[in-house]
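Nothing in this text is a laboratory measurement; each read-out follows from the coordinates by a stated rule. Only a predicted model underlies this, so the values are computations on that prediction, with no experimental measurement involved. All Cβ positions, even for glycine, are placed from backbone atoms using ideal geometry, and neighbour counts span all protein chains on display.
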Amino acid sequence: MLKKICMLLMLVLLLTLAGCEPTEKRTGNTGDVKDVTGQKDPVTTVVKDPNPLTKEFVVYRVQKNGEEILIPEKVRYAAGKKSREEAALDALIHTDPVSKQLTNLFPPGTAVLSVKVSGDTATVDFNQNFASRGQGSYTERMMVNAVVCTLTEFPEIKKVKFLVEGKEIDTISGHMDLLDPLTRNPDVLKKPDKDKKKDNAKKEK
């Protein structure tokens, strides 16, 4: 009788030890066991960005040296739910230039309220910060031309109309007439090196 009881106890002990072996020893896997206590059908909910793709835009930057020439830069920017035109201007206003030779002239707090495209004209509505302080002639010209050049990178846009808080403005600080839509000004765009070489060759002749 005593021998049977001892054998039974040994059997129970062996079964207990076997049950205590690590999961990886018994299954050959590690990290596969998930705690689903209290969950009948555990489901992971993933909230996706409605527009997760980061888009590339060409924006026009101002040089620190004060030269009245805009330099194009390619910027990757998360557009979110904004239209491509609004996202392009956001990238221009709210990102820092890649090159240390370039700078951002937009007043702090400047925001794009909307961009509406009708035919070949884009109408941009800025908040009050866009025109909240008196700019010099250089700052006003370069800031306005940077907006126009950035938007006219889209082939269908040829002209840009400026609004502030939904109202037409005739100027920011008296240096540019903004009452009528503006077209891209080739004088503020840097000439390619090939064109420079041609100009120099003509001068030498």
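Contact order, relative form, for the range 54-185: 22 percent (alpha carbon pairs under 8 Å, 6 or more residues apart, mean separation divided by residue count). For the range 54-185, the Kirkwood estimate of hydrodynamic radius, built from reciprocal distances between every pair of different alpha carbons, is 14.7 Å.
With Cβ to Cβ distances under 9 Å as the rule, what net charge do the other residues near P72 carry (K, R +1; D, E -1)? With Lys, Arg at +1 and Asp, Glu at -1, the net is +1. Sorting L92, L113 by the number of Cβ atoms found within 10 Å of their own Cβ, with the fewest placed first, yields L113, L92.
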